[in-house]
Amino acid sequence: MGKDERSQGTEREEPQLDEEEFDAGRGGGGGGGLTFLAGFVLGALLGAGTALLLAPERGSVTRRRLSRRLRDLKADTADRMGELRHRTERELRRRRRGLARHLPGD
C-alpha cells in the first residue's frame, strides 16, 4: 500500500450523538434546571438554619448594635466633613491672598 493509498479514506468521522444520548450525558430527561433549583432551595434553607443556630446573639441585640454603629458612623462622617470643609476654606483663602499679591490691584 503506497502513501497515496493510505492518505485516502483515513479521515476519522466524529461520532454523532442523537438527542437521547446527549440528554443522558446531562443527567437524562432534561431536568437539569429543576435539579439545580431544588439544590439551590435546599442550600438556602440549610444556610438559613445554620445561621440561626450559630448566631452569636438575638436579632434585637444585633439590630440595636448595628443601629448604634451606624449612628456613630454618621457622627464621625459629619465631623470629618466639617474638618475637611474648614481646611478647604482655609486653603482657598490662603491661595486667594497669594493670587491677590501677584495680580495688579484695583
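The values are calculated or read from the model by the stated rules, or taken from the named source; none is laboratory data. Please read these numbers as outputs of a predicted model, since none were measured by experiment.
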- request: Taking the options Ala24, Ala75, name whichever one is modelled with pLDDT under 90, more than 27 Å from the chain's Cα centre (by Cα), part of a helix (DSSP H, G or I) and not aromatic (Phe, Trp, Tyr).
  value: Ala24
task: Determine whether Pro56 is more than 29 Å from the chain's Cα centre (by Cα) and modelled with pLDDT under 80.
output: no
query: Any residue in the range 30-41 that is among the small types (Gly, Ala, Ser), on the phi > 0 side of the Ramachandran plot and either under 39 Å from the mean Cα position of the chain (by Cα) or modelled with pLDDT under 80 (or both)?
result: yes
